[in-house]
1. Starting from the 7 Å offset along Cα-to-Cβ, what nm value, one decimal, do you get for the label separation of residue 61 and residue 297?
2. Taking every pair of alpha-carbon atoms in segment 110-339, give the share separated by more than 27 Å as a whole percent.
3. Test of understanding: what is the full-extension gain from residue 250 to residue 183, defined as 0.36 nm times their sequence separation minus their Cα-Cα distance?
4. Give, in nm to one decimal, the length gained when the segment between residue 125 and residue 77 is fully stretched (0.36 nm per residue of separation minus the Cα-Cα distance).
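FYI, it's all coordinate maths here, none of it is from the lab. In this text the structure is predicted, and so the values were computed from the model without any measurement. Every residue, glycine among them, receives a Cβ derived from its backbone with ideal geometry; neighbour counts consider all protein chains shown.
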């Protein structure tokens with residue numbers, strides 16, 4: 001018999017009962033995906049609600065999952081397709097645990113290391129910490145197999161983003177650096193290849209936040225967005241149809257550089273969420289890179305964290321760490337350079 005595990009689902013309990021824990025028992029080879037019912041879905045049939053929230057699944061596929069007992073309420077009871085959902089309810093969808101690919105061990109050579117800190121040049125397409133899709137093949141998992149001290153992230157990079165990633169070997173140092181990040185005392189510089197010819201550098205000051213998107217992680221720029229976001233953009237090179245820019249985020253919002261560049265009409269090359277139809281990302285989730293490869297100029301978004309500068313929390317001196325452009329971005333730029341670039345002063349910026 002396969003093992004069973006329990007998952008605590010507390011967020012959907014009525015007020016006054018949130019101290020209680022509702023356990024959902026499921027097969028050890030499955031992962032629970034909790035989906036909260038928002039106001040706009042109140043009163044909708046369960047199968048229609050799930051289809052609206054998971055549009056890459058057909059409604060027939062959703063109904064088969066319900067019939068197979070893969071859709072539960074937070075107490076672990078099976079639910080019917082015709083059940084009406086209500087605001088605040090949480091539905092649990094049991095999904096097969098993804099099979100991690102048998103990949104060779106990645107060598108993560110340090111860009112900087114001392115008794116307290118470790119900075120690596122993170123490869124693209126490597127998650128920084130374990131998640132539902134990658135349990136062992138992540139930056140943290142790999143480093144913990146090679147270090148006897150506690151290795152902790154100070155900040156994060158998206159899975160597809162390459163470049164400087166800072167970690168610590170000491171919990172107190174980690175806490176201090178996180179305070180510096182929160183207080184915006186850390187300098188971060190990124191290189192991005194964008195679509196279109198950006199005419200001049202600028203500072204993008206556009207609030208952002210989650211919106212009414214099919215893709216739940218997607219952020220957007222809109223009038224009443226809750227989070228202030230500022231990004232300074234400087235042109236490095238311009239080519240027919242493309243621009244290499246340096247992006248300096250002055251705030252630290254999720255997907256900030258990607259959202260801001262898309263908002264001014266210059267999305268990042270290879271981005272599967274911003275600057276493309278949402279259907280592309282949904283097909284990627286369902287079928288992997290093979291399903292959309294022919295529609296991409298690069299298989300990952302062309303965003304690279306090339307510089308990180310901060311005050312060392314122990315030595316109290318400025319530390320500046322840089323990571324060279326990875327081969328995929330370098331090759332893309334080399335091809336553009338062979339075709340010729342649009343000459344202008346490097347670093348031209350609207351702000352001077």
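1. Placing both labels 7 Å along Cα→Cβ, they lie 3.0 nm apart.
2. Tail fraction, whole percent: 36.
3. Details: separation 67, 0.36 × 67 = 24.12 nm, distance 1.05 nm.
The span from residue 250 to residue 183 would gain 23.1 nm if fully extended.
4. Values: separation 48, 0.36 × 48 = 17.28 nm, distance 3.72 nm.
Length difference between fully extended and current span is 13.6 nm.
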